[in-house]
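Working notes, beginning with the structure itself.
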Amino acid sequence: MDAWQTHVKDCKDTEEMSSDRGSTKTQADVRPVLSGSSLHDHPHIGRMLIGGQFVESEGGWIECVNPADGRTIGRVPRGTANDVARAVRVAEGAQQSWAELSVAERATYLVRFADAIAARANDLLLLEVADSGNSITGMHGDVVNCAERLRYFAGLGYELQGATIPGRTDRLNYTVREPYGVVGRIAAFNHPLAMAVNGLAAPLMAGNAVVLKPSEQCPLSSTLLGEIANAVFPEGIVNIVTGDGAVGNALVQHPRVKRLSFVGSARTGLAIQRGAAEVAVKSISLELGGKNPFIVFPDAPLDRVADAAVLGMNFIWQGQSCSSTSRLFVHDAVYDEVVSRVTEKAKAIRLGDPFSWSTEMGAIISQAQLEKVEQYVAHGHAEGARLMTGGHRPAGSSFERGFWYEPTVFADVTQDMRIAREEIFGPVLSILRWSQVDEVIDMANSVDLGLTGAIWTQDIGTAMRAARRLQTGYIWINGVASNARAVPFGGYKNSGVGRERGIEELYSYTEEKSVQVFF
(Lines give C-alpha, C1' and ligand atoms only; values in the text may rest on other atoms or scores of the structure.)
Protein backbone atom coordinates (compact mmCIF):
# COMPACT_ATOMS: atom_id res chain seq x y z
CA MET A 1 0.00 0.00 0.00
CA ASP A 2 1.57 3.32 -1.05
CA ALA A 3 1.37 6.58 0.89
CA TRP A 4 -1.63 7.88 -1.01
CA GLN A 5 -3.61 4.67 -0.59
CA THR A 6 -2.78 4.77 3.10
CA HIS A 7 -4.14 8.30 3.35
CA VAL A 8 -7.39 7.42 1.58
CA LYS A 9 -7.82 4.41 3.86
CA ASP A 10 -7.25 6.67 6.87
CA CYS A 11 -9.92 9.05 5.57
CA LYS A 12 -12.40 6.16 5.62
CA ASP A 13 -11.29 4.20 8.69
CA THR A 14 -9.42 6.48 11.12
CA GLU A 15 -10.42 6.73 14.76
CA GLU A 16 -11.05 10.42 14.11
CA MET A 17 -14.25 9.42 12.30
CA SER A 18 -15.78 7.27 15.03
CA SER A 19 -17.45 8.05 18.32
CA ASP A 20 -19.22 6.00 20.95
CA ARG A 21 -22.04 8.54 21.01
CA GLY A 22 -22.29 9.42 17.31
CA SER A 23 -22.76 7.75 13.98
CA THR A 24 -19.86 7.06 11.62
CA LYS A 25 -19.67 9.08 8.41
CA THR A 26 -18.26 7.69 5.19
CA GLN A 27 -17.15 9.16 1.89
CA ALA A 28 -20.65 8.68 0.48
CA ASP A 29 -21.95 11.38 2.80
CA VAL A 30 -20.40 14.11 0.62
CA ARG A 31 -21.53 14.36 -2.98
CA PRO A 32 -18.68 14.73 -5.49
CA VAL A 33 -17.67 18.29 -6.33
CA LEU A 34 -16.54 18.54 -9.93
CA SER A 35 -15.43 22.13 -10.30
CA GLY A 36 -14.97 25.42 -8.53
CA SER A 37 -15.32 27.44 -11.72
CA SER A 38 -18.75 28.69 -10.66
CA LEU A 39 -17.05 30.78 -7.99
CA HIS A 40 -15.17 32.68 -10.68
CA ASP A 41 -18.43 33.62 -12.38
CA HIS A 42 -20.36 34.12 -9.17
CA PRO A 43 -17.94 35.00 -6.34
CA HIS A 44 -18.94 34.13 -2.81
CA ILE A 45 -19.64 37.30 -0.82
CA GLY A 46 -19.38 36.51 2.86
CA ARG A 47 -20.58 38.51 5.84
CA MET A 48 -19.55 38.55 9.46
CA LEU A 49 -21.89 37.06 12.05
CA ILE A 50 -22.31 39.30 15.09
CA GLY A 51 -25.20 38.92 17.49
CA GLY A 52 -27.30 36.92 15.06
CA GLN A 53 -26.90 39.49 12.27
CA PHE A 54 -24.91 39.24 9.05
CA VAL A 55 -22.94 42.45 8.75
CA GLU A 56 -20.26 44.18 6.73
CA SER A 57 -17.53 46.40 8.18
CA GLU A 58 -16.31 49.95 7.95
CA GLY A 59 -12.88 48.38 7.31
CA GLY A 60 -13.80 47.43 3.74
CA TRP A 61 -13.20 44.05 2.14
CA ILE A 62 -10.61 41.28 1.83
CA GLU A 63 -10.37 39.67 -1.61
CA CYS A 64 -10.21 35.87 -1.56
CA VAL A 65 -8.01 34.22 -4.19
CA ASN A 66 -7.99 30.65 -5.47
CA PRO A 67 -4.38 29.46 -4.93
CA ALA A 68 -4.66 27.09 -7.89
CA ASP A 69 -5.12 29.84 -10.49
CA GLY A 70 -4.71 33.17 -8.70
CA ARG A 71 -8.23 34.31 -9.57
CA THR A 72 -10.58 36.08 -7.17
CA ILE A 73 -13.39 33.83 -5.96
CA GLY A 74 -14.98 35.95 -3.26
CA ARG A 75 -14.58 38.52 -0.56
CA VAL A 76 -15.24 38.94 3.14
CA PRO A 77 -15.36 42.02 5.39
CA ARG A 78 -12.13 43.41 6.73
CA GLY A 79 -13.22 43.61 10.35
CA THR A 80 -12.03 46.23 12.81
CA ALA A 81 -11.50 46.55 16.56
CA ASN A 82 -14.99 48.06 16.76
CA ASP A 83 -16.44 44.91 15.22
CA VAL A 84 -14.59 42.78 17.77
CA ALA A 85 -15.84 44.96 20.63
CA ARG A 86 -19.40 44.61 19.40
CA ALA A 87 -19.07 40.84 19.03
CA VAL A 88 -17.66 40.47 22.54
CA ARG A 89 -20.43 42.64 23.97
CA VAL A 90 -23.24 40.60 22.42
CA ALA A 91 -21.50 37.33 23.25
CA GLU A 92 -21.22 38.37 26.87
CA GLY A 93 -24.89 39.31 26.95
CA ALA A 94 -25.96 35.95 25.55
CA GLN A 95 -23.57 33.67 27.40
CA GLN A 96 -25.25 33.49 30.79
CA SER A 97 -28.48 32.07 29.39
CA TRP A 98 -26.47 29.57 27.36
CA ALA A 99 -24.53 28.46 30.45
CA GLU A 100 -27.77 27.95 32.37
CA LEU A 101 -28.92 25.31 29.90
CA SER A 102 -28.40 21.73 30.98
CA VAL A 103 -25.62 19.66 29.49
CA ALA A 104 -28.26 17.68 27.60
CA GLU A 105 -29.73 20.85 26.09
CA ARG A 106 -26.34 22.18 24.95
CA ALA A 107 -25.52 18.74 23.55
CA THR A 108 -28.73 18.82 21.52
CA TYR A 109 -27.66 22.11 19.93
CA LEU A 110 -24.26 20.67 19.01
CA VAL A 111 -25.82 17.61 17.42
CA ARG A 112 -28.20 19.83 15.40
CA PHE A 113 -25.19 21.86 14.30
CA ALA A 114 -23.42 18.67 13.21
CA ASP A 115 -26.46 17.57 11.23
CA ALA A 116 -26.73 20.99 9.58
CA ILE A 117 -23.05 20.89 8.58
CA ALA A 118 -23.50 17.42 7.11
CA ALA A 119 -26.47 18.69 5.10
CA ARG A 120 -24.34 21.49 3.60
CA ALA A 121 -21.20 19.39 3.24
CA ASN A 122 -20.97 19.73 -0.52
CA ASP A 123 -21.20 23.54 -0.41
CA LEU A 124 -18.61 23.70 2.35
CA LEU A 125 -16.31 21.38 0.43
CA LEU A 126 -16.58 23.56 -2.69
CA LEU A 127 -15.48 26.63 -0.74
CA GLU A 128 -12.74 24.76 1.12
CA VAL A 129 -11.05 23.45 -2.00
CA ALA A 130 -11.31 26.68 -3.98
CA ASP A 131 -10.18 28.92 -1.14
CA SER A 132 -7.32 26.79 0.22
CA GLY A 133 -5.82 25.14 -2.86
CA ASN A 134 -5.87 21.80 -1.03
CA SER A 135 -6.98 18.66 -2.82
CA ILE A 136 -10.60 17.60 -2.58
CA THR A 137 -9.63 14.22 -1.13
CA GLY A 138 -7.88 15.82 1.82
CA MET A 139 -10.56 18.46 2.31
CA HIS A 140 -13.28 15.84 2.16
CA GLY A 141 -11.89 14.23 5.30
CA ASP A 142 -11.89 17.60 7.07
CA VAL A 143 -15.53 18.28 6.22
CA VAL A 144 -16.71 14.85 7.32
CA ASN A 145 -14.76 15.02 10.57
CA CYS A 146 -16.27 18.40 11.48
CA ALA A 147 -19.68 16.88 12.12
CA GLU A 148 -18.15 13.99 14.02
CA ARG A 149 -16.12 16.35 16.21
CA LEU A 150 -19.28 18.14 17.27
CA ARG A 151 -21.08 14.89 18.03
CA TYR A 152 -18.12 13.70 20.04
CA PHE A 153 -18.03 16.80 22.25
CA ALA A 154 -21.81 16.68 22.62
CA GLY A 155 -21.36 13.31 24.30
CA LEU A 156 -18.23 14.31 26.18
CA GLY A 157 -20.10 17.15 27.86
CA TYR A 158 -21.51 14.69 30.38
CA GLU A 159 -17.98 14.39 31.78
CA LEU A 160 -18.01 18.01 32.97
CA GLN A 161 -18.02 16.78 36.52
CA GLY A 162 -16.74 18.19 39.77
CA ALA A 163 -15.32 16.21 42.63
CA THR A 164 -15.82 15.69 46.34
CA ILE A 165 -12.65 15.79 48.42
CA PRO A 166 -12.38 13.86 51.69
CA GLY A 167 -11.88 15.97 54.79
CA ARG A 168 -13.27 16.47 58.26
CA THR A 169 -16.64 14.99 59.12
CA ASP A 170 -18.13 18.40 59.95
CA ARG A 171 -17.66 19.86 56.47
CA LEU A 172 -17.99 19.02 52.78
CA ASN A 173 -15.40 19.96 50.16
CA TYR A 174 -16.43 19.87 46.53
CA THR A 175 -15.54 21.43 43.18
CA VAL A 176 -17.59 22.64 40.23
CA ARG A 177 -16.58 23.56 36.68
CA GLU A 178 -17.86 26.84 35.27
CA PRO A 179 -17.38 28.44 31.84
CA TYR A 180 -15.08 31.43 31.37
CA GLY A 181 -17.75 33.47 29.61
CA VAL A 182 -16.50 34.74 26.23
CA VAL A 183 -13.84 32.71 24.46
CA GLY A 184 -11.74 34.02 21.58
CA ARG A 185 -10.47 31.57 18.97
CA ILE A 186 -8.08 32.44 16.14
CA ALA A 187 -7.83 29.81 13.41
CA ALA A 188 -5.12 28.91 10.89
CA PHE A 189 -5.37 28.69 7.09
CA ASN A 190 -4.33 25.10 6.43
CA HIS A 191 -7.56 23.45 7.66
CA PRO A 192 -9.94 26.40 7.64
CA LEU A 193 -13.28 24.70 8.25
CA ALA A 194 -11.88 22.09 10.62
CA MET A 195 -10.12 24.80 12.63
CA ALA A 196 -13.31 26.85 12.79
CA VAL A 197 -15.48 23.95 13.96
CA ASN A 198 -12.81 22.78 16.39
CA GLY A 199 -12.79 26.31 17.71
CA LEU A 200 -16.48 26.08 18.56
CA ALA A 201 -17.09 22.54 19.80
CA ALA A 202 -15.38 22.40 23.19
CA PRO A 203 -16.00 25.97 24.39
CA LEU A 204 -19.69 25.84 23.43
CA MET A 205 -20.20 22.51 25.16
CA ALA A 206 -18.54 23.94 28.26
CA GLY A 207 -21.08 26.81 28.33
CA ASN A 208 -19.09 29.63 26.77
CA ALA A 209 -19.99 32.00 23.95
CA VAL A 210 -17.40 32.28 21.18
CA VAL A 211 -15.92 34.98 18.99
CA LEU A 212 -14.10 33.23 16.15
CA LYS A 213 -11.59 34.85 13.79
CA PRO A 214 -10.86 32.75 10.68
CA SER A 215 -7.60 33.11 8.79
CA GLU A 216 -7.77 36.02 6.34
CA GLN A 217 -6.18 33.69 3.75
CA CYS A 218 -9.05 31.15 3.81
CA PRO A 219 -12.19 32.69 5.34
CA LEU A 220 -14.91 31.71 2.88
CA SER A 221 -16.05 28.45 4.44
CA SER A 222 -16.25 30.14 7.84
CA THR A 223 -18.75 32.67 6.53
CA LEU A 224 -20.94 29.83 5.28
CA LEU A 225 -20.41 28.12 8.64
CA GLY A 226 -21.75 31.30 10.22
CA GLU A 227 -24.95 30.98 8.21
CA ILE A 228 -25.34 27.39 9.37
CA ALA A 229 -24.60 28.23 13.01
CA ASN A 230 -27.00 31.16 13.02
CA ALA A 231 -29.86 28.88 12.06
CA VAL A 232 -29.08 26.60 15.03
CA PHE A 233 -27.80 28.58 18.01
CA PRO A 234 -29.34 31.41 20.02
CA GLU A 235 -28.23 34.88 18.91
CA GLY A 236 -24.82 35.93 20.16
CA ILE A 237 -23.54 32.49 21.14
CA VAL A 238 -21.52 32.06 17.94
CA ASN A 239 -19.90 35.16 16.42
CA ILE A 240 -17.53 35.16 13.45
CA VAL A 241 -15.44 38.25 12.72
CA THR A 242 -13.35 38.12 9.54
CA GLY A 243 -10.32 40.29 9.01
CA ASP A 244 -6.55 40.51 9.22
CA GLY A 245 -4.15 40.83 12.14
CA ALA A 246 -5.97 43.90 13.48
CA VAL A 247 -8.98 41.71 14.33
CA GLY A 248 -6.75 39.14 15.99
CA ASN A 249 -4.99 41.81 18.05
CA ALA A 250 -8.30 43.32 19.14
CA LEU A 251 -9.55 39.92 20.26
CA VAL A 252 -6.32 39.17 22.12
CA GLN A 253 -6.34 42.52 23.91
CA HIS A 254 -10.02 42.72 24.78
CA PRO A 255 -10.16 42.67 28.60
CA ARG A 256 -13.46 40.73 28.69
CA VAL A 257 -12.06 37.80 26.71
CA LYS A 258 -10.43 35.79 29.48
CA ARG A 259 -9.84 32.60 27.46
CA LEU A 260 -8.00 32.52 24.13
CA SER A 261 -6.92 29.82 21.72
CA PHE A 262 -4.68 30.22 18.69
CA VAL A 263 -3.35 27.89 16.00
CA GLY A 264 -0.50 29.22 13.90
CA SER A 265 3.17 30.12 13.95
CA ALA A 266 5.38 30.23 17.03
CA ARG A 267 6.26 33.83 16.29
CA THR A 268 2.61 34.89 16.37
CA GLY A 269 1.99 32.78 19.45
CA LEU A 270 4.69 34.67 21.34
CA ALA A 271 3.15 37.97 20.23
CA ILE A 272 -0.26 36.82 21.48
CA GLN A 273 1.14 36.00 24.90
CA ARG A 274 2.77 39.43 25.13
CA GLY A 275 -0.30 41.28 23.88
CA ALA A 276 -2.73 39.48 26.18
CA ALA A 277 -0.54 40.10 29.23
CA GLU A 278 -0.73 43.85 28.66
CA VAL A 279 -4.44 43.99 29.51
CA ALA A 280 -5.39 41.06 31.73
CA VAL A 281 -4.40 37.69 33.13
CA LYS A 282 -5.75 35.25 30.56
CA SER A 283 -5.86 31.53 29.97
CA ILE A 284 -4.22 30.90 26.60
CA SER A 285 -3.71 27.70 24.65
CA LEU A 286 -1.42 27.68 21.63
CA GLU A 287 -0.85 25.06 18.96
CA LEU A 288 2.15 26.39 17.11
CA GLY A 289 4.77 25.35 14.60
CA GLY A 290 6.79 22.18 14.29
CA LYS A 291 10.08 21.01 12.87
CA ASN A 292 9.26 17.43 13.59
CA PRO A 293 11.66 14.45 13.59
CA PHE A 294 11.06 11.08 11.93
CA ILE A 295 13.75 8.67 13.20
CA VAL A 296 14.52 5.51 11.22
CA PHE A 297 16.44 2.75 13.01
CA PRO A 298 18.33 0.19 10.91
CA ASP A 299 15.86 -2.63 11.62
CA ALA A 300 12.81 -0.67 10.42
CA PRO A 301 10.76 -2.11 7.49
CA LEU A 302 12.04 0.15 4.72
CA ASP A 303 9.10 -0.27 2.33
CA ARG A 304 6.73 1.01 5.01
CA VAL A 305 9.20 3.70 6.08
CA ALA A 306 9.25 5.25 2.61
CA ASP A 307 5.46 5.41 2.44
CA ALA A 308 5.25 6.82 5.96
CA ALA A 309 7.93 9.44 5.34
CA VAL A 310 5.96 10.82 2.39
CA LEU A 311 2.68 10.61 4.28
CA GLY A 312 4.15 12.21 7.40
CA MET A 313 5.54 15.11 5.39
CA ASN A 314 1.91 15.97 4.59
CA PHE A 315 2.51 16.54 0.91
CA ILE A 316 -1.26 16.18 0.62
CA TRP A 317 -1.42 19.60 2.33
CA GLN A 318 1.61 20.88 0.36
CA GLY A 319 3.62 20.44 3.56
CA GLN A 320 1.50 23.16 5.17
CA SER A 321 0.93 21.36 8.45
CA CYS A 322 2.42 22.01 11.89
CA SER A 323 2.64 18.25 12.46
CA SER A 324 4.64 17.47 9.29
CA THR A 325 7.64 15.24 10.00
CA SER A 326 9.91 17.38 7.86
CA ARG A 327 13.23 16.10 9.29
CA LEU A 328 13.89 12.49 8.31
CA PHE A 329 16.76 11.05 10.39
CA VAL A 330 18.03 7.82 8.80
CA HIS A 331 20.65 5.45 10.22
CA ASP A 332 23.88 5.06 8.25
CA ALA A 333 23.22 1.38 7.54
CA VAL A 334 20.05 2.07 5.56
CA TYR A 335 20.55 5.71 4.57
CA ASP A 336 21.13 5.31 0.83
CA GLU A 337 18.25 2.87 0.37
CA VAL A 338 15.78 5.07 2.28
CA VAL A 339 16.85 8.18 0.36
CA SER A 340 16.29 6.32 -2.92
CA ARG A 341 12.89 4.94 -1.91
CA VAL A 342 11.60 8.24 -0.50
CA THR A 343 12.79 10.13 -3.57
CA GLU A 344 10.90 7.80 -5.89
CA LYS A 345 7.75 8.10 -3.80
CA ALA A 346 7.96 11.91 -3.82
CA LYS A 347 8.54 12.00 -7.57
CA ALA A 348 5.36 9.99 -8.11
CA ILE A 349 3.07 12.43 -6.27
CA ARG A 350 0.45 13.79 -8.67
CA LEU A 351 -0.02 17.57 -8.74
CA GLY A 352 -3.07 18.93 -10.44
CA ASP A 353 -6.54 20.35 -10.27
CA PRO A 354 -7.55 20.41 -6.58
CA PHE A 355 -11.09 19.45 -7.62
CA SER A 356 -9.94 16.17 -9.17
CA TRP A 357 -10.20 13.11 -6.91
CA SER A 358 -6.98 11.79 -8.47
CA THR A 359 -4.92 14.83 -7.41
CA GLU A 360 -2.50 14.08 -4.58
CA MET A 361 -1.13 17.58 -3.97
CA GLY A 362 -2.60 21.00 -4.60
CA ALA A 363 -1.30 24.57 -4.53
CA ILE A 364 0.53 26.64 -1.91
CA ILE A 365 -1.76 29.04 -0.05
CA SER A 366 -0.34 32.34 -1.35
CA GLN A 367 2.32 34.03 -3.41
CA ALA A 368 4.12 35.10 -0.23
CA GLN A 369 4.24 31.54 1.09
CA LEU A 370 5.42 30.26 -2.28
CA GLU A 371 8.27 32.76 -2.26
CA LYS A 372 9.18 31.68 1.27
CA VAL A 373 9.45 28.07 0.10
CA GLU A 374 11.64 29.13 -2.82
CA GLN A 375 13.92 31.04 -0.48
CA TYR A 376 14.42 28.00 1.74
CA VAL A 377 15.16 25.80 -1.26
CA ALA A 378 17.79 28.35 -2.32
CA HIS A 379 19.29 28.16 1.18
CA GLY A 380 19.42 24.38 0.87
CA HIS A 381 21.36 24.65 -2.41
CA ALA A 382 23.71 27.30 -1.06
CA GLU A 383 24.49 25.37 2.12
CA GLY A 384 25.38 22.17 0.29
CA ALA A 385 22.36 19.91 0.59
CA ARG A 386 21.82 17.43 -2.26
CA LEU A 387 18.57 18.01 -4.16
CA MET A 388 17.00 14.64 -4.96
CA THR A 389 13.75 15.78 -6.55
CA GLY A 390 11.63 18.89 -6.95
CA GLY A 391 13.06 22.29 -6.15
CA HIS A 392 11.10 24.20 -8.80
CA ARG A 393 7.69 25.38 -9.80
CA PRO A 394 6.13 22.62 -11.92
CA ALA A 395 6.20 22.93 -15.68
CA GLY A 396 3.10 22.87 -17.85
CA SER A 397 0.21 25.10 -18.78
CA SER A 398 -1.87 23.82 -15.85
CA PHE A 399 0.56 25.45 -13.44
CA GLU A 400 1.22 28.77 -15.16
CA ARG A 401 -1.24 30.51 -12.87
CA GLY A 402 -1.50 30.08 -9.15
CA PHE A 403 1.01 29.17 -6.49
CA TRP A 404 2.46 25.78 -7.31
CA TYR A 405 5.63 24.03 -6.16
CA GLU A 406 6.97 20.54 -6.66
CA PRO A 407 7.37 18.01 -3.84
CA THR A 408 10.99 18.56 -2.84
CA VAL A 409 13.47 16.25 -1.12
CA PHE A 410 16.97 17.19 0.06
CA ALA A 411 19.51 14.57 1.14
CA ASP A 412 22.84 15.02 2.95
CA VAL A 413 21.31 17.71 5.10
CA THR A 414 23.30 18.68 8.21
CA GLN A 415 22.24 20.20 11.49
CA ASP A 416 23.71 23.62 10.75
CA MET A 417 21.57 24.15 7.63
CA ARG A 418 18.52 26.40 7.81
CA ILE A 419 16.33 23.79 6.12
CA ALA A 420 17.13 21.48 9.05
CA ARG A 421 16.35 23.99 11.78
CA GLU A 422 13.58 26.33 10.66
CA GLU A 423 9.96 25.54 9.87
CA ILE A 424 9.35 26.01 6.13
CA PHE A 425 5.64 25.17 6.05
CA GLY A 426 5.92 23.94 2.52
CA PRO A 427 6.60 20.71 0.58
CA VAL A 428 10.29 20.39 1.50
CA LEU A 429 11.63 17.25 3.23
CA SER A 430 15.15 17.20 4.69
CA ILE A 431 16.97 13.85 5.13
CA LEU A 432 19.76 13.66 7.70
CA ARG A 433 22.20 10.86 8.56
CA TRP A 434 22.95 9.42 12.02
CA SER A 435 24.92 6.55 13.55
CA GLN A 436 24.53 6.68 17.36
CA VAL A 437 21.29 6.83 19.35
CA ASP A 438 22.49 9.63 21.63
CA GLU A 439 23.47 11.59 18.53
CA VAL A 440 20.08 11.35 16.82
CA ILE A 441 18.15 12.18 20.00
CA ASP A 442 20.31 15.28 20.49
CA MET A 443 19.79 16.26 16.85
CA ALA A 444 16.04 15.76 17.09
CA ASN A 445 15.83 17.84 20.28
CA SER A 446 18.16 20.61 19.10
CA VAL A 447 15.45 22.92 17.71
CA ASP A 448 13.16 25.10 19.83
CA LEU A 449 10.02 23.38 18.52
CA GLY A 450 8.53 20.06 19.63
CA LEU A 451 5.08 19.24 18.32
CA THR A 452 5.22 15.70 16.90
CA GLY A 453 7.73 12.97 16.22
CA ALA A 454 7.91 9.48 14.71
CA ILE A 455 10.10 6.51 15.62
CA TRP A 456 10.45 3.48 13.38
CA THR A 457 12.01 0.27 14.69
CA GLN A 458 10.99 -3.34 15.29
CA ASP A 459 12.52 -3.26 18.78
CA ILE A 460 9.81 -2.02 21.16
CA GLY A 461 12.34 -1.36 23.90
CA THR A 462 14.36 0.88 21.60
CA ALA A 463 11.18 2.67 20.55
CA MET A 464 9.95 3.26 24.10
CA ARG A 465 13.31 4.56 25.29
CA ALA A 466 13.56 6.94 22.35
CA ALA A 467 9.99 8.15 22.90
CA ARG A 468 10.78 9.01 26.51
CA ARG A 469 13.76 11.12 25.42
CA LEU A 470 12.17 13.03 22.54
CA GLN A 471 11.03 16.52 23.53
CA THR A 472 7.76 16.50 21.61
CA GLY A 473 4.12 16.44 22.64
CA TYR A 474 2.82 13.70 20.31
CA ILE A 475 4.83 10.68 19.16
CA TRP A 476 4.05 7.92 16.69
CA ILE A 477 5.82 4.56 16.93
CA ASN A 478 5.79 2.73 13.59
CA GLY A 479 3.06 5.09 12.41
CA VAL A 480 2.56 8.69 11.38
CA ALA A 481 -0.07 11.33 10.55
CA SER A 482 -2.88 9.77 12.55
CA ASN A 483 -4.54 11.53 15.48
CA ALA A 484 -6.95 9.49 17.58
CA ARG A 485 -9.89 11.53 18.74
CA ALA A 486 -9.56 11.43 22.52
CA VAL A 487 -5.74 11.51 22.67
CA PRO A 488 -4.37 14.91 23.83
CA PHE A 489 -2.58 16.87 21.10
CA GLY A 490 -0.18 19.73 21.71
CA GLY A 491 3.44 20.76 21.76
CA TYR A 492 6.53 21.07 23.91
CA LYS A 493 8.82 24.10 23.92
CA ASN A 494 7.83 26.79 21.40
CA SER A 495 5.35 24.46 19.73
CA GLY A 496 2.72 25.55 22.16
CA VAL A 497 0.98 25.19 25.47
CA GLY A 498 -2.22 23.34 26.36
CA ARG A 499 -3.81 20.27 24.80
CA GLU A 500 -6.66 19.80 22.35
CA ARG A 501 -8.91 16.83 21.58
CA GLY A 502 -10.60 14.97 24.39
CA ILE A 503 -11.44 15.73 27.96
CA GLU A 504 -8.37 17.94 28.50
CA GLU A 505 -9.62 20.37 25.87
CA LEU A 506 -13.14 20.43 27.29
CA TYR A 507 -11.88 21.07 30.82
CA SER A 508 -9.61 23.85 29.55
CA TYR A 509 -12.68 25.94 28.73
CA THR A 510 -13.85 25.86 32.33
CA GLU A 511 -12.62 27.36 35.56
CA GLU A 512 -12.57 25.14 38.60
CA LYS A 513 -14.26 26.48 41.70
CA SER A 514 -13.75 24.95 45.16
CA VAL A 515 -16.56 25.10 47.74
CA GLN A 516 -16.29 24.23 51.42
CA VAL A 517 -19.51 23.69 53.37
CA PHE A 518 -19.46 23.76 57.19
CA PHE A 519 -22.13 21.76 59.03
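The values are calculated or read from the model by the stated rules, or taken from the named source; none is laboratory data. In this text, all values refer to a predicted model and were calculated from it rather than measured experimentally. No Cβ is skipped: glycine too gets one built from the backbone with ideal geometry, and neighbour counts run over all protein chains shown.
Points worth noting:
- Qualifying positions in the stretch 488-519 - in a loop (DSSP other than H, G, I, E, B) and exposed (fewer than 14 other Cβ atoms within 10 Å of the Cβ): Phe519
- Screening the candidates Ala333, Ala309 for the property of being part of a helix (DSSP H, G or I) and either buried (at least 24 other Cβ atoms within 10 Å of the Cβ) or in contact with a strand residue (DSSP E or B) (Cβ under 7 Å, 6 or more places away or on another chain) (or both) yields one hit, Ala309.
- Residues that are touching an Asp or Glu at 6+ places or on another chain (Cβ under 7 Å) and either over 22 Å from Ile475 (Cα atoms) or in contact (Cβ under 8 Å) with a residue 40 or more places away in the chain (or both) do occur in the stretch 318-340, at least one of them.
- When Pro192, Pro203 are checked against the criterion of being out of contact with any helix residue (DSSP H, G or I) (no Cβ under 7 Å at 6 or more places or on another chain), touching a residue at least 60 places away in the same chain (Cβ under 8 Å), farther than 13 Å from Ala87 by Cβ and surrounded by 24 or more Cβ atoms within 10 Å (Cβ to Cβ), a single residue qualifies: Pro203.
- Given (1) without any contact (Cβ under 8 Å) to a residue 24 or more places away in the chain; (2) in contact with a strand residue (DSSP E or B) (Cβ under 7 Å, 6 or more places away or on another chain); (3) aliphatic (A, V, I, L, M), index of the condition Ala271 fails: (2)
- Among the residues of this structure, Arg468 does not count as one that is in the same structural domain as Ile284 (by TED's automatic domain parsing) and without any contact (Cβ under 8 Å) to a residue 60 or more places away in the chain.
- The residues on offer are Ala229, Ala271, and the sole one that is in a helix (DSSP H, G or I), under 20 Å from the mean Cα position of the chain (by Cα) and of a type in the set (A, V, I, L, M) is Ala271.
- Just one of (1) modelled with pLDDT under 95; (2) touching an Asp or Glu at 6+ places or on another chain (Cβ under 9 Å); (3) not aliphatic (A, V, I, L, M) fails for Gly396. It is (2).
- Close contacts from the stretch 476-496, counting a first residue that is more than 21 Å from Val144 (Cα to Cα) and a second that is among the charged types (D, E, K, R) and assigned to a loop (DSSP other than H, G, I, E, B), with Cβ to Cβ under 8 Å and a gap of 6+ residues or different chains, come to Gly490/Arg499; Lys493/Asp448; Asn494/Asp448.
- Residues within the stretch 162-209 that are modelled with pLDDT of 95 or more and among the basic types (Lys, Arg), tallied: 2
- Of residues in the stretch 158-179 being surrounded by fewer than 22 Cβ atoms within 10 Å (Cβ to Cβ) and closer than 27 Å to Val90 by Cβ, the one nearest to the chain's Cα centre (by Cα): Leu160
- Test result for Asn198, assigned by TED's automatic domain parsing to the domain that holds Val88, closer than 16 Å to Ala229 by Cβ and out of contact with any strand residue (DSSP E or B) (no Cβ under 6 Å at 6 or more places or on another chain): yes
- Picking from residues in the stretch 432-459 that are free of Cβ contacts under 8 Å to residues at least 12 places away in the same chain and farther than 15 Å from Pro298 by Cβ, the one that is surrounded by the most Cβ atoms within 10 Å (Cβ to Cβ) is Asp442.
- If you check Ala91, Ala85, Ala68, Ala99 for being at pLDDT 95 or above, more than 25 Å from Pro203 (Cα to Cα) and either of a type in the set (Gly, Ala, Ser) or outside the structural domain of Asp244 (by TED's automatic domain parsing) (or both), only one passes: Ala68.
- Candidates Gly46, Gly79, Gly22, filtered to the one that is under 29 Å from Val211 (Cα atoms), at pLDDT below 95 and in contact with a Ser or Thr (Cβ under 9 Å, 6 or more places away or on another chain): Gly46
- From the list Gly59, Gly93, Gly52, the lone residue that is under 26 Å from Ile365 (Cα atoms), surrounded by fewer than 24 Cβ atoms within 10 Å (Cβ to Cβ) and not aromatic (Phe, Trp, Tyr) is Gly59.
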